[in-house]
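Step one of this worksheet: look at the structure below.
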């Protein structure tokens, strides 16, 4: 069992996401008020806090949301998950993994340019919202049986 370390949104596509105090997940839609919400397979993005820590060794100024992640987790091995797995947050919201990794801004990723590496193409997870709810940092997150 892990926990949610940060939740982030952006109002427009192409903008860095900003950490917020809470997000509202809407079933079959995504995060209310986030630019990537909609009827598609990448409604919510996840990234492990441990992966961000590794990148902060190269770029200490990295803030949550700079990889365009909606949720940062801690204490759960996201790399062990596969498409179709479901995560439950605080006995409330449910996310289903739909994609692992993605292309990184058509080769123009500012993080990759600065560090030589971007972790979203290999370590980012993308989900659809199966059951909505409010999510805040500190909430438990785990794999559903």
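Here, each number is a calculation from the coordinates, and none is a lab measurement. Values in this document were obtained by computation on a predicted structure and should not be read as measured data. When we count neighbours, we look across all protein chains shown, and the Cβ atoms used for this are built from the backbone with ideal geometry, even at glycine.
Couple of notes before you dig in:
- Per-pair calculated FRET efficiency, R0 = 30 Å: residue 27 and residue 57 via Cβ, rounded to 0.05: 0.20
- The range 10-97: antiparallel DSSP beta bridges as a percent of all, rounded to 5: 65
- Candidates 75, 132, 116: whichever shows maximal mean-square fluctuation once the chain is modelled as a Gaussian network with Cα springs under 10 Å: 116
- Ranked by how many other beta carbons lie within 10 Å on average, peptides 76-83, 19-26, 41-48 from highest: 41-48, 19-26, 76-83
- Net lengthening on full extension, residue 77/residue 134 (0.36 nm per residue, minus Cα-Cα): 18.3 nm
- Taking other C-beta atoms within 10 angstrom as a stand-in for reagent exposure, 74, 11, 56 fall in the order 11, 56, 74, fewest first.
- Per-residue [θ]222 nm for the chain (sum of -39500 (n - 2.57) over DSSP H runs n ≥ 4, rounded to 500): -3000 deg cm²/dmol
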